[in-house]
Amino acid sequence: ACVVGPLALLALASLAAWAHRPLFGLEGRDAAEQPQERRSIVLMSQYPVWIEPLLQAFAQAGYRVSAVVSANPIAEGLCAQHGVRFVLFPKCPDGLSFAKVCREDPEYHAAAEAAFEVVRAVSPDVIFACGFYILPPHVTRIPRCHALNMHPAELPSYRGGVPLQAAILNGEPHFRAVVHRMTDMVDDPSAVLSRSCPLPVGPESSTTAMIGQVASCLPELVMDALGRCDRNSDTSAAPPPLLVPHAFGTRTERFTDPVTGEQIASNAGVMARARIEWELDGAEAVARAVRAFRDTVGAYTDYQGRAWKIEACGVAPPRAADSAPPGTVLAVESLGGGRCRVTAPACDGPDVVLVGSFAAADEAPPAIAVGARFSSTTPVSQWIGQRGADWRPGGTRYGVSRR
C-alpha cells in the first residue's frame with residue numbers, strides 16, 4: 001500500500017489548484033482570485049473614447065498593457081497618463097482597404113510592418129483590437145494566448161468596416177457590440193465570445209453617439225470575453241452569412257448592360273450611399289444617409305455640377321398637389337458663412353429640409369435658386385478618395401431606400 005503523508009497531500013492540493021487557475025481574471029474578482037502573474041496585453045485602436053476605459057479596466061483587473069498601437073496621435077496623451085507605451089501606427093490612406101494598400105504601396109507596407117514588429121518584440125499574451133485596421137494572419141498569431149477583436153454589430157449581421165453607418169441606413173432600432181476571436185475570416189461569427197445588451201439607435205443617432213454607447217459597455221464586454229477564453233466557451237449561433245446584411249464599404253458586383261452587353265462593375269457596399277440619388281431615395285432614406293455619414297465623409301449631392309455637402313436633414317410632411325420633381329429647390333434660406341437651408345421634395349412625397357454648403361471653397365459658389373434642381377453627378381470614388389466606391393444604375397444599391 002502507498003501511504004501519502006499530510007505534507008504530500010497539501011502539495012498535491014496546491015498543484016491541483018495551480019493547474020486549474022484561470023488564465024485571466026474578470027473585473028470585480030477578489031484579489032485572491034487574480035492571476036499570480038500579470039498577463040500582458042497589446043491594445044490596438046484608433047478611438048481614444050474606447051482606449052481610456054479599457055486602460056482603466058485592464059489595470060483594475062490586474063493586467064499589464066504592454067503597448068497601445070494607434071494611428072491617432074491623441075492616444076499618446078492617454079498612454080502617458082497611464083504610464084503605457086505608445087506605438088504610432090502609420091495612418092492608412094484608405095482604412096477600409098488596408099490589405100489592398102499594403103499590397104500596392106511598398107513604402108506604406110514597410111512602415112506598417114515595422115509597427116507590427118514592435119508588437120512582436122513585446123510578445124504579448126493577448127492582442128485586443130477595437131476600431132483598428134484588419135490585422136493580417138501573421139499578426140493575429142503573435143500573441144501567446146489570444147487575438148481578440150471588438151465589432152460594433154451583432155455578428156453575423158453587419159460584417160465589415162462600417163457597421164454603424166449600415167445600421168443607421170437600414171433603420172435598425174438597436175445594435176450590439178461583440179468580442180470575437182480573430183481568425184482568417186473577417187469578423188468571424190463562429191468565434192463570438194461575448195455580446196453586449198441591445199443599444200438603442202434613435203431617430204437622431206449618429207455614429208459618434210453610437211461609438212460613445214459602445215464605450216460605456218466595453219470594459220464589461222471585454223472582461224466577459226477573456227473569462228470565456230479561460231473556459232473555452234463562446235456564444236456563437238451563426239446563421240448562413242448570405243441571409244444577413246453586410247457592412248462592407250465597397251462590395252463589387254458585376255452585371256451585364258442589357259442594351260450594350262457590356263460588363264459593368266458596381267459598388268453594392270455601404271459607401272455608395274453617401275451620394276443622394278434623388279430618383280431612388282425617399283425622404284427618410286435621405287435623412288438616414290445624412291446621419292450615417294455626417295461624422296465621417298459626409299453625405300452630398302450636386303448643384304450645377306458642384307458638390308454640396310449636407311450636414312443636417314429634417315423631413316417635412318408632403319404638400320398637397322405638388323408635382324415638382326425630386327430634388328427641386330422649393331425654398332432656400334441663407335445661414336451665413338456659405339451655409340444655407342434648402343427645402344426639396346423627395347421621390348416618395350415628403351420634403352427634406354437640408355442644411356449644407358458647397359464643398360469646394362476655392363471657387364465662387366453659385367447661388368442656389370428656387371425652381372432649380374439638385375442632380376448628383378460627382379462620383380463617390382472622387383468624393384471619398386476610394387476607387388470602386390461608385391454604384392451604377394442597374395446594380396444592387398446598398399440598403400433599403402424607402403423602408
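Cβ-Cβ distance of ASP105 and ALA364, R₀ of 30 Å, FRET efficiency by 1/(1 + (r/R0)^6): the value works out to about 0.25. Taking the protein heavy atoms of the range 310-356 in the context of the full set of protein chains, the accessible area attributed to carbon and sulfur is 56 percent at 1.4 Å.
Within the shell of other residues whose beta carbon sits under 10 angstrom from the beta carbon of ALA344, the net charge comes to 0, with Lys and Arg scored +1 and Asp and Glu -1. Peptides 282-293, 179-190 ranked from most to least packed, by the mean per-residue count of other Cβ atoms within 10 Å: 282-293, 179-190.
Counting protein heavy atoms only, the range 65-129 has 55 percent of its accessible area on carbon and sulfur, 1.4 angstrom probe.
Leaving out ligands and nucleic acids, note down the accessible area per residue over the chain with a 1.4 angstrom probe, in whole Å².
Ligands and nucleic acids excluded, the result is 47 Å² per residue.
Dividing the radius of gyration of the alpha carbons in the range 163-232 by their Kirkwood radius gives 1.01 for Rg/Rh. Spin-label model, THR260 to ARG373: label points 7 Å out along the Cα-to-beta-carbon direction sit 2.3 nm apart.
The Rg/Rh ratio of the range 59-173, with Rg taken over Cα atoms and Rh as the Kirkwood radius over Cα pairs, comes to 0.99. One decimal place: the segment LYS91-ALA312 gains 76.7 nm when fully extended, by the rule 0.36 nm per residue minus the C-alpha distance. The residues packed around PHE132, meaning those with a beta-carbon under 15 Å from its beta-carbon, carry a net charge of -1 if Lys and Arg are +1 and Asp and Glu are -1.
Model label sites at HIS82 and GLU117, defined 7 Å from Cα along the beta-carbon direction, differ in position by 2.7 nm.
The values are calculated or read from the model by the stated rules, or taken from the named source; none is laboratory data. These numbers were taken from a predicted model, which means no experiment stands behind them. All Cβ positions, glycine included, derive from the backbone under ideal geometry; neighbour counts span all protein chains shown. Ligands, DNA and RNA are stripped out before the accessible areas are found, and what is left, the full protein with its side chains, is counted by its heavy atoms. Shrake-Rupley method; radii C 1.70, N 1.55, O 1.52, S 1.80 Å.
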